[in-house]
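J.: The structure follows.
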Amino acid sequence: MSISSPHFQFVNEEDLNTCVNCGLCLPHCPTYRVTGEDIYSPRGRINLIRSVKHGDMELTKEVVNSLDTCIQCMGCEPACPSGVQYHNIISPVKTEIHQRRYWRDIPLRFGLYVVSHLPLLRLLTRIISVFQVLKAVPKRLQIPRVPFRRQQLLNYPHLSREKEVILFTGCVMDAWYRNVHEDTITLLNALGYSVVISGDEYGCCGALHEHAGFTKTAEKIQGNIPRSTDNATIIVNSAGCSASLKKTFKDSHEVLDINEFLYRHISDLHKLLIHRKEKVIIQEPCHLRHVQGISLEVTELLGIAFDVVQLDDDGLCCGAGGSFSFSQPEMANAVRGRKIAEITRVIESISPDSVRYVSSANPGCLSFLSSSAINIEIQHPVTLLKQSLR
Ligand code: SF4
Ligand code: SF4
């Protein structure tokens, strides 16, 4: 073993050694499922990282490709009987890969720069709305229909201060899915909560930057988020952001994904919602199911108002993966293809007309699935629940 490798020295040796090469994670890895090749599996990637770190293998283009096509969905972690902390392994590797190819990442860096500068993102969103009217925005760009004018987020009625929460509005979620914020506020008000809007003061949470391997930028963004003295719970309706903000606020605030929060009020929701006698398929975002362990909650919540239909794919990723669908479009499209095939299979196995919606609690999954050829309405769970209020 050589000790002269300049690569991957930030990866903890103990984390690598936890992997016993059993291969039980393979069926849970979306990139392994579409390629069938070990180097696109968690086990294969861990072995490559170990070999490169130890200097037994060069960091070739093929190795970089294998590592960079990991979606970081973390489907492998709950499946691993040895408890391999795969996120600890892949995260510094992605950071190093992207530091080394700074110039190649310029378009992605620019895109994420826009995302984290809200006035710029809003300006771009307005321009997009005009092009959407002219039907000049291709579906593959994954941008939902956005209005030219932003509606104010209204929180009424103002209820008690004892029942007050902060709604984290974020970046893309606020610019492109403001309707989900409106629906979230309506539901929270219906449960008796006053809602304080986090707004531009909090800005973007940096999750997309972190996921893309731009760790320094992510840390800077996360460091700039104010730690307010108000100790109200922070509610987040984007699965990727709630996973990230739980780390950012771990010492100061309780952060809950909206599904987690609503689940705490499920008995009240049983009284507030009607059953619509429609079927909904749940597509579970990886950052909800694998990273935060929130799965049953969404099923039970949507089950109040709908007949819930589950996919039979163990929560495999849809391919969106933060900015993954932009940086690795080929792999992302292949992974999405499997997801769409499973959704289609399930719909056809029931009866083509009886499933009305697919529901997913993450903006990336919503937009990536909506930009596919599938012909079904795709909605955030909060929107479907809000529509089901008595
Ligand atoms: S990551 Fe876990 S499940 Fe996968 S091969 Fe290693 S020990 Fe086995
Ligand atoms: S994080 Fe997802 S894509 Fe990456 S190795 Fe694990 S299961 Fe595969």
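J.: Which members of segment 346-390 meet the condition of being more than 19 Å from Val236 (Cβ to Cβ), of a type in the set (A, V, I, L, M) and not in a helix (DSSP H, G or I)?
T.: Val355, Val358, Ala373, Ile374, Ile376, Ile378, Leu389
J.: Within segment 23-55, take every residue that is more than 15 Å from ligand 1 (Cβ to nearest atom) and either in a loop (DSSP other than H, G, I, E, B) or at pLDDT below 95 (or both) and give me the one that is farthest from Asn88 (Cα to Cα).
T.: Within segment 23-55, the match that is farthest from Asn88 (Cα to Cα) is Gly36.
J.: While we're on this one: Could you check segment 17-32 and list, in sequence order, the residues that are in contact (Cβ under 8 Å) with a residue 40 or more places away in the chain and near ligand 2 (Cβ under 9 Å from one of its atoms)?
T.: Applying the first criterion (in contact (Cβ under 8 Å) with a residue 40 or more places away in the chain) to segment 17-32 yields 18-20, 22, 24-25, 27-31.
Across segment 17-32, the qualifying residues are Cys25, His28, Cys29, Pro30, Thr31.
J.: Residues Ser244, Ser238, Ser198: which one is touching a strand residue (DSSP E or B) at 6+ places or on another chain (Cβ under 7 Å) and either in the same structural domain as Pro329 (by TED's automatic domain parsing) or touching a residue at least 12 places away in the same chain (Cβ under 8 Å) (or both)?
T.: Just a single option satisfies the conditions, and that option is Ser198.
J.: Would you confirm whether or not segment 145-163 contains a residue that is surrounded by 17 or more Cβ atoms within 10 Å (Cβ to Cβ) and in contact with a strand residue (DSSP E or B) (Cβ under 7 Å, 6 or more places away or on another chain)?
T.: Yes, that holds for at least one residue.
J.: Test Ser359 against the stated conditions and say whether it is hydroxyl-bearing (Ser, Thr, Tyr), surrounded by 20 or more Cβ atoms within 10 Å (Cβ to Cβ) and more than 30 Å from Lys271 (Cα to Cα).
T.: Answer is no for this residue.
J.: Hey, among the residues in segment 61-99 that are surrounded by fewer than 13 Cβ atoms within 10 Å (Cβ to Cβ) and touching a helix residue (DSSP H, G or I) at 6+ places or on another chain (Cβ under 9 Å), which one's nearest to Asn12 (Cα to Cα)?
T.: Step by step, filter segment 61-99, then rank; the result is Gly83.
J.: Would you check if Arg126 is closer than 25 Å to Asp200 by Cβ, more than 16 Å from ligand 1 (Cβ to nearest atom) and out of contact with any His (no Cβ under 7 Å at 6 or more places or on another chain)?
T.: It is true that Arg126 is closer than 25 Å to Asp200 by Cβ, more than 16 Å from ligand 1 (Cβ to nearest atom) and out of contact with any His (no Cβ under 7 Å at 6 or more places or on another chain).
J.: Being of a type in the set (D, E, K, R), free of Cβ contacts under 8 Å to residues at least 12 places away in the same chain, more than 13 Å from ligand 1 (Cβ to nearest atom) and out of contact with any Gly (no Cβ under 9 Å at 6 or more places or on another chain): is that true of Glu58 here?
T.: So Glu58 fits the description; yes.
J.: Among the listed residues Glu278, Glu330, Glu348, Glu300, which satisfies the condition of being acidic (Asp, Glu), outside the structural domain of Arg33 (by TED's automatic domain parsing) and touching a strand residue (DSSP E or B) at 6+ places or on another chain (Cβ under 8 Å)?
T.: Glu278
The values are calculated or read from the model by the stated rules, or taken from the named source; none is laboratory data. Model, not experiment: these values are computed from the prediction. Every residue, glycine as well, gets a Cβ built from its backbone with ideal geometry; the counts of neighbours run over all protein chains shown.
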